[in-house]
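Worksheet: one structure, shown below.
The values are calculated or read from the model by the stated rules, or taken from the named source; none is laboratory data. Quantities reported herein were computed from a predicted structural model and do not represent experimental measurements. All Cβ positions, even for glycine, are placed from backbone atoms using ideal geometry, and neighbour counts span all protein chains on display.
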Ligand code: SF4
Ligand code: SF4
């Protein structure tokens, strides 16, 4: 499981260095070509074993930008994860 950065990302760079497993790349490296940051789902571990909550979402200033994703080969997932597509950080 993983989290996903959506198209309202403003490429502010606040999340990149917060990721403990370097799962995030910037807009220049986004493999989809979108002008947003991107989470490699096969690398993201939802911060399990690293932080009490997904650090990228905690750092992100754009409300609702980072949501729960369902794709990815990682089997790691938080027990308290939300439904797919819902914001990781609710206001
Ligand atoms: S949830 Fe954690 S592991 Fe996943 S991309 Fe965000 S900071 Fe990285
Ligand atoms: S912190 Fe949020 S708005 Fe900033 S680059 Fe990361 S996902 Fe985009």
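A Cβ distance below 8 Å, combined with a sequence gap of six or more or placement on separate chains, defines the contacts here; from segment 78-91, residues that are in contact (Cβ under 8 Å) with a residue 60 or more places away in the chain and under 17 Å from residue 7 (Cβ atoms) reach residues that are within 14 Å of ligand 1 (Cβ to nearest atom) and in a loop (DSSP other than H, G, I, E, B) in the pairs 88/53; 88/54; 88/82. Within segment 20-53, being in contact with a helix residue (DSSP H, G or I) (Cβ under 6 Å, 6 or more places away or on another chain) and in a loop (DSSP other than H, G, I, E, B) holds for one residue alone: 47. Taking segment 41-70 as the range and being more than 8 Å from ligand 1 (Cβ to nearest atom) and touching a strand residue (DSSP E or B) at 6+ places or on another chain (Cβ under 7 Å) as the test, the residues that pass are 41, 60, 64, 65, 67, 68, 69. Of the residues 83, 71, 62, the single one that is part of a loop (DSSP other than H, G, I, E, B) and modelled with pLDDT of 95 or more is 62.
For beta carbons closer than 7 Å, sequence separation of 6+ or different chains, a first residue in segment 52-71 that is surrounded by 15 or more Cβ atoms within 10 Å (Cβ to Cβ) and a second that is modelled with pLDDT of 95 or more and in a helix (DSSP H, G or I), the qualifying pairs are 55/18; 56/18; 59/18; 66/56; 66/57. Each residue in segment 3-40 was checked for being on the phi > 0 side of the Ramachandran plot and either surrounded by 13 or more Cβ atoms within 10 Å (Cβ to Cβ) or more than 9 Å from ligand 1 (Cβ to nearest atom) (or both), and 3 pass. Taking the conditions (1) out of contact with any helix residue (DSSP H, G or I) (no Cβ under 7 Å at 6 or more places or on another chain); (2) under 15 Å from residue 19 (Cα atoms) in turn, residue 59 satisfies each one other than (1).
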